[in-house]
Each structure stands twice: as structure tokens, then as C-alpha cells.
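Asker: The following block contains the structure, expressed as C-alpha cells.
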Amino acid sequence: QVQLVESGGGLVQAGGSLRLSCVASERTFSIYVMGWFRQAPGKEREFVAAITRSGNTKHYADSVKGRFTVSRDNAKNTVNLQMDGLKPEDTAVYYCAARRLLRITSSRDEYDYWGQGTQVTVSS
């Protein structure tokens, strides 16, 4: 029942930046661990980043460490993904996900709610 809506995707050149946002239509947003995943055409959905309920702990896939930053604003029911130094291999549909349990995880099967996705395309 929790609705997640991503925004901020677009077309950028390699080396550029984008900031994705995910807004939840849930007044108890702060109880959820939040994650970002991405899926390229013909490929499996893969983990990108996650953040704990308080925002004190963040987890990143090795492929994006040092380039992407996840953050959240519980007062605004929003989680963000700042993407810098984008590469063509970052091209994918990016999904926001919410997990009801406390423990942070990179496993897509352990997330309970998903947004519709936003397209990110990085040209060379």
C-alpha cells in the first residue's frame, strides 16, 4: 500500500551528475530502511545503495562507491541519490525501495515496496 515515486532521471553525458529523489506517501516513512536499485535492459535488477531509518548508516555497491551518495529527510518522507561522475554503464532504470525491518540489506527480495522507476541514460 505504500507508494513510492521516483523523479530526477534524465540524459547526461559521461562525467555528469544527476540527483534522484523518492517521495513516499506514508506518514510513518521514518520506520523504513530505504534502498536504491537499478535495472538495465536484459539484465537483473541490482543493488545500488541503502540507508537506515535514522540515516546514520549507508551501504553502497562497489560499482558506485565514491561516486553516489544516498541521503534521507524523514520530515519530508524523501530519500535521495546524488550521482556524480556518471558512466555509460550506469544507464538503467533506477528504483526506490522500502524495507519494513530494521536491518539494512542489499538483497532485493528483502524489500517490501517499490517505486515505478526513473530512467537514467549516460552517453559517452
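The values are calculated or read from the model by the stated rules, or taken from the named source; none is laboratory data. None of these values were measured; they are calculated from a predicted model. Reconstructed Cβ throughout: ideal geometry from the backbone, glycine too, with neighbour counts over all protein chains shown. What goes into the accessible areas is simple: the full protein's heavy atoms, side chains included, and nothing from ligands, DNA or RNA. Shrake-Rupley method; radii C 1.70, N 1.55, O 1.52, S 1.80 Å.
Asker: Going by accessible area, probe 1.4 Å, with all protein chains left in place, what is the ranking of Ile104, Ile31, largest first?
Answerer: So the residues, ranked largest to smallest area, are Ile31, Ile104.
Asker: Each residue of the stretch 13-28 in order: what ³J(HN,Hα) in whole Hz does its phi give by Karplus 6.51 cos²θ - 1.76 cosθ + 1.60, θ = phi - 60°, with x for Gly and Pro?
Answerer: Here the 3J(HN,Hα) series is 7, 3, x, x, 10, 9, 10, 8, 10, 9, 10, 9, 8, 8, 6, 9 Hz.
Asker: Students sometimes get this wrong: rank Lys58, Lys65 by accessible area, probe 1.4 Å, all chains present, largest first.
Answerer: The most accessible residue leads, giving Lys65, Lys58.
Asker: Taking each pair of different alpha-carbon atoms in the chain once, compute 1/r for the pair, average those values, and report the inverse of that mean as the Kirkwood hydrodynamic radius in Å to one decimal.
Answerer: Result for the chain, one decimal place: 14.2 Å.
Asker: Just the number, please: carbon plus sulfur as a percent of the accessible area of the chain, 1.4 Å probe, no ligands or DNA/RNA counted.
Answerer: 46 percent
Asker: Rounded, prolate or oblate: which one fits the stretch 54-124, using the alpha carbon gyration tensor with axes a ≥ b ≥ c (rounded when a/c is under 1.5, else prolate when a/b beats b/c, else oblate)?
Answerer: Prolate.
Asker: While we're here: Can you list residues whose amide H is under 5 Å from Arg72's amide H, if they're 5+ apart or on another chain and H is modeled 1.01 Å from N?
Answerer: Asn80
Asker: Treating the beta-carbon of each Lys and Arg as +1 and of each Asp and Glu as -1, no other charges, what is the dipole magnitude of the stretch 83-124 about its Cα centre, to the nearest 20 debye?
Answerer: 160 debye
Asker: Give a residue-ordered list of calculated ³J(HN,Hα) values for the stretch 109-115 (Karplus: 6.51 cos²θ - 1.76 cosθ + 1.60, θ = phi - 60°; whole Hz; x for Gly, Pro).
Answerer: 5, 9, 9, 9, 9, 9, x
Asker: OK, next. Can you give the charge dipole size of the chain about its Cα centre, rounded to the nearest 20 debye, using +1 on the beta carbon of Lys and Arg and -1 on the beta carbon of Asp and Glu?
Answerer: Dipole magnitude for the chain comes out near 300 debye.
Asker: With unit charges on the beta carbon (Lys/Arg positive, Asp/Glu negative), name the residue among Ser71, Leu81, Gln119 whose Cα is farthest towards the positive pole of the charge dipole of the stretch 71-124.
Answerer: Final value for the positive-end residue is Ser71.
Asker: Quick check: from the Cα gyration tensor, does the stretch 20-62 come out rounded (a/c under 1.5), prolate or oblate?
Answerer: The shape class here is oblate.
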